[in-house]
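As structure tokens, the structure follows; a few thoughts come after it.
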Amino acid sequence: MKKWVVLLLLAVLIGNAYMQRHREDKSGGLAKTDEQSTAVDWEKGASDGDSVGDGDGNGNGDWRTIRLTDAQTYAGSLILVNSAHPVREDGVLDDIVALAEQPELTFGYGLLEADTRLSASVAERFRDMVGAAAADGVTHFRISSGYRDQAEQRRMYEQKGADYALPPGRSEHNTGLSLDVGSTLGEMGGSPEGKWLIRHAAEHGFILRYPKDKTEVTGIQYEPWHFRYVGLPHSLIMAENNLALEEYTAYLRKKGGIRTDAGGERYEIQVVAVDGRATVRVPADAKVELSGDNQGGVIVTSRLNE
Ligand SMILES: [Zn+2]
């Protein structure tokens with residue numbers, strides 16, 4: 001509960017920060033569009049004429065405008081994929097590789113099946129995380145499942161049934177973002193590997209997607225082996241506030257935007273509803289990452305230089 005209070009306070013601070021900026025913008029004559037008291041620019045249906053990546057036409061460079069389209073709502077590391085939100089074609093990562101053919105990506109862990117596939121970028125992060133675990137003496141990781149295409153998912157669904165498998169397109173394994181991790185020492189939940197991941201996965205951009213205390217939110221039984229890449233700072237914020245992905249995307253949507261510190265960096269996270277087209281303004285010098293939420297919005301994450 002305390003953490004929610006902190007988040008609420010943050011939201012108030014964000015509002016104040018924006019009001020402050022609003023005033024500064026007015027006094028400096030920098031702002032072109034009307035500022036709002038929240039972090040969200042609800043600029044739906046903006047014209048095609050908005051430039052991408054060059055401020056507000058004032059030459060100052062304090063802000064830049066990013067154009068967003070529908071397609072972006074379906075793709076990215078924060079897409080919610082579950083029985084109500086199937087993955088779209090755009091949501092499948094385009095760097096799926098057969099891990100056994102990528103020795104530089106499989107250092108430090110084993111594969112249960114030789115034909116395991118995964119997004120190369122996610123595998124790279126997983127390899128680095130496993131490296132960090134090895135430094136703590138935890139070394140018995142094994143991937144038991146990675147990317148599954150929709151035909152494979154369909155076969156699994158037909159073989160295992162609805163109680164044990166999700167229909168094609170409804171499984172995170174169909175995106176390339178998720179993987180099942182086991183321990184060669186025994187059952188994952190009780191193993192050093194499982195325990196280490198519970199403690200440290202969020203530091204590396206991963207979340208335990210189906211925790212024991214969130215079965216009612218996720219609709220999925222506790223799965224101590226299923227990890228999902230969402231990226232930083234989101235994994236840290238979710239862990240800190242004990243939010244499942246369903247809850248986190250709903251929370252961001254409700255707030256419109258937050259500013260928060262995570263992992264020693266300061267971030268502004270905005271959610272923009274995209275109905276056809278939209279634009280969002282971000283600080284010109286921020287490093288920005290976009291991800292759809294697979295619910296009609298784009299989550300815009302700006303790492304601020306403050
Ligand atoms: Zn899984």
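The values are calculated or read from the model by the stated rules, or taken from the named source; none is laboratory data. What you see is a predicted model, and the numbers here were worked out from it, not measured in a lab. Every residue, glycine as well, gets a Cβ built from its backbone with ideal geometry; the counts of neighbours run over all protein chains shown. Note: areas computed on protein heavy atoms with side chains; ligands, DNA, RNA excluded. Shrake-Rupley method; radii C 1.70, N 1.55, O 1.52, S 1.80 Å.
At a glance:
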| read-out | value |
| --- | --- |
| Under 12 Å, Cβ to Cβ, from S77 - net charge with Lys/Arg +1 and Asp/Glu -1 | -1 |
| Distant-in-sequence amide H partners of R277 (H built 1.01 Å from N, under 5 Å) | G45 |
| Relative contact order, percent, the range 92-229 [alpha-carbon distance under 8 Å, six or more residues apart] | 22 |
| From phi via Karplus (6.51, -1.76, 1.60), per-residue ³J(HN,Hα) for the range 240-247 in Hz, x at Gly/Pro | 4, 9, 6, 10, 6, 4, 4, 6 |
| Accessible surface of the range 92-229 [probe 1.4 Å, protein heavy atoms]: carbon and sulfur percent | 48 |
| Per-residue HN-Hα couplings for the range 193-203 [Karplus 6.51, -1.76, 1.60; θ = phi - 60°; Hz; x = Gly/Pro] | 5, x, 5, 5, 5, 4, 6, 10, 4, 4, 5 |
| Cross-link pairs beyond the 31 Å C-alpha cut-off, checked among K195/K287; K160/K254; K160/K195 | K195/K287; K160/K254 |
| Distribution of pairwise C-alpha distances over the range 92-229, 5 Å bins, in % | 2, 11, 20, 25, 21, 14, 6, 1, 0 |
| Amide H contacts of G110 (H built 1.01 Å from N, under 5 Å, at least 5 apart or other chain) | F141, R142, I143 |
| Cα centroid separation, the range 261-306 to the range 95-118 (Å) | 31 |
| Formal net charge of residues neighbouring V92 (Cβ-Cβ distance under 13 Å; K, R +1; D, E -1) | -4 |
